[in-house]
1. What percent does the relative contact order of the stretch 345-387 come to when contacts are Cα pairs within less than 8 Å and at least six residues apart?
2. Would you work out what percent of the accessible area of the stretch 328-435, with all protein chains in place, is carbon or sulfur (probe 1.4 Å)?
3. Positive end of the charge dipole of the stretch 143-186 (Lys, Arg +1 and Asp, Glu -1 on Cβ, about the Cα centre): tell me which of F150, G160, H183 has its Cα farthest that way.
4. Could you work out [θ]222 nm for the chain from helices alone, using -39500 (n - 2.57) per DSSP H run of at least four and dividing by all its residues? Round to the nearest 500 deg cm²/dmol.
5. Would you mind checking the tilt of helix 278-289 against the longest principal axis of the Cα atoms of the chain, expressed as 0 to 90 degrees and rounded to 10?
6. Nearest 20 debye, what's the magnitude of the dipole of the stretch 351-451 about its Cα centre given +1 on Lys and Arg Cβ and -1 on Asp and Glu Cβ?
7. What is the total of Lys pairs in the chain with C-alpha atoms under 21 Å apart, excluding same-chain pairs fewer than 8 positions apart?
8. If packing is taken as the average count of other Cβ atoms within 10 Å, what order do 214-220, 95-101 fall into, highest mean first?
Amino acid sequence: MRLTTLLAAAALLALAVAPARAAYTISHVTLIDGTGAAAKPDMTVVVDGARIVTVTPSAIAGAPRGAVIDGRGRFLIPGLMDVHIHLAGWRWDAKHEGPPVIDHAAAEAALASYIYDGFTTVVDVGNLPENSLYERARERSGAIQSPRIFATGNLITYPGSHGDAMAIRITDFEKDKALLDRHIAEQQPDILKLTYDEEGWGTRPMITLMPTPLLHQIIQYYNEHGIRTTVHISNERRAEEAIYAGTDTLAHPVIQGPVSDNFVRLMAAKKTPFATTLTIGESYSRLAEHPEYLDTPDYVAAFSPAEREAMRTTTRAAYQARTWTWWMKLMTPICQENIRKVVAAGGVAALGTDQSSGPAGHREMELLVQAGLTPAQVIKIATLNGAVFLGKADQMGSVEEGKLADLVLLNADPLADIDNTRAIALVMKNGVIIDEAALPLAGGPAKRRFNGR
Ligand SMILES: [Zn+2]
């Protein structure tokens, strides 16, 4: 069956309230399975329902099951994962008075851009629960085409500490335990996000830091409820303290300066996954200096013409005027080298952007290649390592038998050029082919799709 015919069939299928269990055979495809193994030519992958059921050389594959997707000349990778986002979908009112304004359409356009760009999982690590948890419920009920959403709900911090405008503020473990219990019961966080950063670097003044024993107590409490944790840090000392306070992951790499050899060895020994988050810091100078990126197809799809115009004018001017823009431009190569060193030593990086769009995820991959990592390493960072970060590597993150069928079929080789992860032929999540014509993209689907064959 031609791919276009198959996609038309998938579009009809998507109209059904509960899509029927379907099977697909992706035949004669070059497989890059996400584990870091070498690419395997001429493989056949069978999906039945939500799961990958067989992965075999085509020569020994049995009769195809379900619809056949011709993988000849194409490349199959696991669905991409962004483990550090803050989903768009709310804003302060113009005067910064009153409660924030929730905009579900904006959230769902951002989610559409992720899935359109091959991201089948996102992790929201701090948001208004009315935004992120609402969309998580919509995603889980099948009401929207969206990446899988894992979310912290509110982040947790110490009064006056980093991120406290949108956080639950904890001063004392015993005294404030009821707030933690409420967070766990009402928000059902998939992962807890704490902040542990006194700032005092770049152009930022010093602020209050959460006491380390309190950090430890909160982490332990969530772990005892079966919930993993991630901690926002920006320097080596606080990263190390967060690790010894028991955190499961770090929400950022070290960015305040070059890491020591001791820290590199620590990250390799502990294998504490960290989100890479280069894109947020680099995005300011990129817009200031190279706004033409806004005209590339994935940005045209992800943002409306009016949004792109606002970025090109108002936002760009604001970034150009801000010292933070140029500070972060200076620090980006230092952070890239920190990531490269930790990964080279055996540490576990997972792709994160600290942004809210699919194109940002692809920018993160470019910046990781620019850091000196190979495309093969970057694909693992963008897939399996995201699942490791979440503690879900037994369920997702690679193209292996028994795992969830989150897959991206590419028209060009991503190992030859990481930008070929944008050459998407189709995206499958949970065994269902995404109907991209029905996605509520702010800019509408770009022309790049299905041009290859
Ligand atoms: Zn963040």
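1. Working: 27 pairs, mean separation 22.4, N = 43.
The value is 52 percent.
2. Details: 1500 of 2990 Å².
The value for the stretch 328-435 is 50 percent carbon and sulfur by accessible area.
3. Farthest towards the positive end: F150.
4. Numbers: 15 runs with 161 residues, N = 453.
Only helices count here, giving -10500 deg cm²/dmol.
5. 90
6. On the way: 9 positive and 12 negative charges, 41 e Å.
Charge dipole of the stretch 351-451: 200 debye, to the nearest 20.
7. Step by step, the pairs that qualify in the chain add up to 21.
8. Details: 214-220: 20.1, 95-101: 9.4.
Put in order of decreasing packing, that is 214-220, 95-101.
The values are calculated or read from the model by the stated rules, or taken from the named source; none is laboratory data. Since this is a predicted model, take the numbers as computed values, not measurements. For neighbour counting, all protein chains shown are included, and Cβ atoms are generated from backbone atoms with ideal geometry for every residue, glycine included. Accessible surface areas use protein heavy atoms only, side chains included; no ligands, DNA or RNA. Shrake-Rupley method; radii C 1.70, N 1.55, O 1.52, S 1.80 Å.
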